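Heads up: the structure comes next, in structure tokens.
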Amino acid sequence: MTHAHIAGSIHADVAKTGPQWLTLPENLNQLRAELWPAGTERDGLGRIVIGGVPLTQVAAEQGTPAYVIDEQDFRDRARAFRDHFAGWRVYYAGKALLTRAVARWVAEDGLHMDVTTMGEMRIALSGGMPAERLGFHGNNKSAEEIRFALEQGVGRIIVDSFHEIDRIETACRELGRKAHALVRVTTGVEAHTHEYIATAHEDQKFGLSILGGHALAALVRCQSSPFIELRGIHSHIGSQIFETHGFEVAIRRTLRLAEQFRVATGVELAELDLGGGFGIAYTEADSPMPTDVLARAFEDILDHECRGFGLKRPQLSIEPGRAICGPAGVALYEVGTVKAVELENGRSRTYVSVDGGMSDNIRPALYAAEYSCALANRTSEADPVLARVVGKHCEGGDILIRDVFLPKDIHPGDLIAVPGAGAYCRSMASNYNQVPKPPLLAVRRGETRTLLRRETLEDLMRLDVGE
Ligand SMILES: *Cc1c(COP(=O)(O)O)cnc(C)c1O
């Protein structure tokens with residue numbers, strides 16, 4: 001088979017090889033504003049500049065791979081949730097990206113924060129997040145974690161099982177404290193991107209099922225406990241959601257549960273937490289709702305549903321993670337090799353290998369997440385080729401970007417930047433293949449600050465205490 005160069009009949013050929021949604025860009029050098037931190041631009045030399053810092057400078061000073069977070073953009077997104085969801089409690093989901101500096105930003109901007117482990121609690125508190133603004137989540141909180149949370153005075157514990165209620169009561173009895181609790185319920189709604197399924201999704205590890213009566217039983221048990229002050233209900237339906245219909249169904253089902261609880265106990269629950277999952281743009285195929293539009297839609301649904309059930313409007317909460325930190329961050333890699341691979345249909349695909357991969361971004365391998373990327377160190381007038389950006393790990397599934405158009409002259413030494421990488425990349429990073437984790441760098445007004453330093457081989461060696 002001869003090497004099939006796709007330049008020439010690009011529109012006819014290339015577009016058919018890629019997925020339906022991927023369109024051939026008019027101009028490969030252009031950065032789609034919805035994918036990048038606000039204000040991202042190319043300077044006179046064609047280099048991508050974020051927070052006033054050229055990414056070439058990041059690479060030169062800090063090496064690659066590196067995660068770069070635009071502090072201003074992160075904080076603007078956090079404040080947008082706070083301001084548009086006025087009167088709500090906005091919990092930033094710390095698991096998406098958490099360092100002490102991130103906790104401080106969120107605390108300073110008046111948000112609350114979700115944490116799920118001792119580690120997340122410790123980092124959040126150490127960054128200055130007041131304990132009373134923490135929501136403590138998890139389906140298997142240890143006795144030690146529960147005790148620590150109570151000692152610190154964590155604002156809400158989100159109860160996930162009957163065993164956990166036992167554990168909370170034991171800790172409260174010993175400490176002479178009361179836990180402020182929400183009961184996490186499963187509404188039967190599971191939503192991911194544009195799809196949601198409103199039935200038959202009880203089969204998962206989180207929460208207590210409404211359908212089976214477990215949710216009501218847990219609420220009643222908490223209400224009657226001398227150690228628990230029951231505040232309300234929590235529901236989280238999924239992630240990367242672009243539509244409000246799944247939330248609407250979940251709201252109706254949680255309010256119906258609140259109504260059943262009122263009938264059973266005479267008590268009207270004070271709070272309803274609707275979880276997170278608000279989608280962001282990873283590729284041109286994604287169109288997230290602006291935060292103000294989202295807030296208005298939620299307000300309308302709640303007004304309507306509360307009226308329908310004759311319930312007072314509870315204190316409401318949401319828990320955005322990805323929508324705050326995702327678009328504010330980019331991953332920066334250096335290209336190491338480029339090669340063409342012949343496809344069955346006579347076309348070829350360009351494999352671009354970079355110096356990171358599934359150890360710093362597991363999402364494509366874990367759940368087929370899509371990303372896009374752009375050449376970061378220069379512009380190019382070369383024709384586009386359909387490329388696959390892959391990592392350096394010993395795994396065929398170590399794909400960072402399954403399909404993306406890159407300039408045909410991409411070569412070793414080029415830098416590529418992946419937008420939308422602020423959430424669930426660095427926080428889910430591993431040491432697979434004994435690769436040290438990349439640093440997290442905050443950029444702001446032309447300055448770079450290290451939030452997490454790069455791991456070193458010495459760090460890895462220190463953990464290895466066997467002989
Ligand atoms: C993960 C999670 C979130 C945040 O989800 P995003 O998709 O990042 O908004 C919020 N609440 C709970 C309970 C979660 O598990």
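The values are calculated or read from the model by the stated rules, or taken from the named source; none is laboratory data. In this text the structure is predicted, and so the values were computed from the model without any measurement. Cβ coordinates were reconstructed from backbone atoms using ideal geometry, including for glycine residues, and neighbour counts include every protein chain displayed. Accessible surface areas use protein heavy atoms only, side chains included; no ligands, DNA or RNA. Shrake-Rupley method; radii C 1.70, N 1.55, O 1.52, S 1.80 Å.
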*Counting only residues that are assigned to a helix (DSSP H, G or I) and surrounded by 18 or more Cβ atoms within 10 Å (Cβ to Cβ), which one in segment 254-271 is farthest from the chain's Cα centre (by Cα)?*
Phe261
*Evaluate the following for Ala387: is it more than 23 Å from Leu22 (Cβ to Cβ) and open to solvent by less than 30 Å² (accessible area, probe 1.4 Å)?*
no
*Residue among Asn345, Asn361, Asn377 that is polar (S, T, N, Q) and open to solvent by less than 10 Å² (accessible area, probe 1.4 Å)*: Asn361
*Might you check whether a residue that is in contact with a Lys or Arg (Cβ under 7 Å, 6 or more places away or on another chain), surrounded by 22 or more Cβ atoms within 10 Å (Cβ to Cβ) and more than 24 Å from Leu28 (Cβ to Cβ) occurs anywhere in segment 401-423?*
yes
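Condition first: open to solvent by 50 Å² or more (accessible area, probe 1.4 Å) and either of a type in the set (Phe, Trp, Tyr) or within 12 Å of the ligand (Cβ to nearest atom) (or both). Now tell me which residues in segment 80-115 satisfy that.
Lys95
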*Restricting segment 180-231 to residues that are open to solvent by 50 Å² or more (accessible area, probe 1.4 Å), among the hydrophobic types (A, V, I, L, M, F, W, C) and modelled with pLDDT under 95, the residue that is farthest from Leu257 (Cα to Cα)*: Ile197
*Go through (1) part of a helix (DSSP H, G or I); (2) closer than 23 Å to Asp414 by Cα; (3) open to solvent by 20 Å² or more (accessible area, probe 1.4 Å); (4) not small (Gly, Ala, Ser) one by one and return the number of the condition Glu26 breaks.*
(1)
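So that you can scan it fast, the table gives a plain yes or no per residue for (1) within 20 Å of the chain's Cα centre (by Cα); (2) closer than 21 Å to Pro37 by Cα:
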residue: Asp360; (1), (2): yes, yes
residue: Glu370; (1), (2): yes, yes
residue: Cys373; (1), (2): yes, yes
residue: Asn377; (1), (2): no, yes
residue: Glu381; (1), (2): no, no
residue: Gly397; (1), (2): no, no
residue: Leu400; (1), (2): yes, yes
residue: Leu406; (1), (2): no, yes
*Test: Arg77 is under 28 Å from Ala285 (Cβ atoms), basic (Lys, Arg) and surrounded by fewer than 18 Cβ atoms within 10 Å (Cβ to Cβ)*: no
*Residue count, segment 122-155 (criterion: without any contact (Cβ under 8 Å) to a residue 60 or more places away in the chain, of a type in the set (S, T, N, Q) and either surrounded by 14 or more Cβ atoms within 10 Å (Cβ to Cβ) or away from the ligand (no atom under 16 Å from the Cβ) (or both))*: 3
_Checking the structure you have, find out if any residue of segment 282-289 is in a loop (DSSP other than H, G, I, E, B), modelled with pLDDT of 95 or more, open to solvent by less than 20 Å² (accessible area, probe 1.4 Å) and within 16 Å of the ligand (Cβ to nearest atom)._
yes
*State which residue pairs qualify: first residue farther than 17 Å from His214 by Cα and inside segment 230-249, second residue part of a helix (DSSP H, G or I) and open to solvent by less than 10 Å² (accessible area, probe 1.4 Å) in any location, beta carbons under 6 Å apart, and separation of 6 or more residues or different chains.*
Ile237/Gly246; Ile237/Ala250
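If you check Ile251, Ile241, which single one turns out to be among the hydrophobic types (A, V, I, L, M, F, W, C) and either more than 21 Å from the chain's Cα centre (by Cα) or exposed (fewer than 15 other Cβ atoms within 10 Å of the Cβ) (or both)?
It is Ile251.
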*Any pair with Cβ under 8 angstrom, 6 or more apart, that starts in segment 315-337 at a residue that is within 17 Å of Ala374 (Cβ to Cβ) and ends at one that is within 8 Å of the ligand (Cβ to nearest atom) and open to solvent by 10 Å² or more (accessible area, probe 1.4 Å)*: Gly326/Tyr424
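Can you pull out the residues in segment 170-217 that are small (Gly, Ala, Ser) and more than 29 Å from the chain's Cα centre (by Cα)?
Listed by number, the residues that qualify are Ala171, Gly176, Gly212, Gly213, Ala217.
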*Is segment 445-452 home to any residue that is out of contact with any strand residue (DSSP E or B) (no Cβ under 8 Å at 6 or more places or on another chain), touching a residue at least 60 places away in the same chain (Cβ under 8 Å) and not aliphatic (A, V, I, L, M)?*
yes
*If Pro364 passes every condition in (1) closer than 27 Å to Gly238 by Cβ; (2) more than 16 Å from the ligand (Cβ to nearest atom); (3) in contact with a helix residue (DSSP H, G or I) (Cβ under 8 Å, 6 or more places away or on another chain) but one, which one does it miss?*
(3)
_Selection from segment 305-333 of residues that are in contact with a helix residue (DSSP H, G or I) (Cβ under 9 Å, 6 or more places away or on another chain), over 30 Å from Leu440 (Cβ atoms) and outside any strand (DSSP E or B)_ = Glu305, Cys306, Gly308, Phe309, Gly310, Leu311, Lys312, Arg313, Pro314
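Residue-by-condition table, conditions (1) among the basic types (Lys, Arg); (2) at pLDDT 95 or above; (3) open to solvent by 30 Å² or more (accessible area, probe 1.4 Å):
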site: Ser427; (1), (2), (3): no, yes, yes
site: Asn431; (1), (2), (3): no, yes, yes
site: Gln434; (1), (2), (3): no, yes, yes
site: Pro438; (1), (2), (3): no, yes, no
site: Leu441; (1), (2), (3): no, yes, no
site: Gly446; (1), (2), (3): no, yes, yes
site: Arg453; (1), (2), (3): yes, yes, yes
site: Glu458; (1), (2), (3): no, yes, yes
site: Met461; (1), (2), (3): no, yes, yes
*Number of positions in segment 219-239 that are touching an Asp or Glu at 6+ places or on another chain (Cβ under 9 Å) and within 16 Å of the ligand (Cβ to nearest atom)*: 8
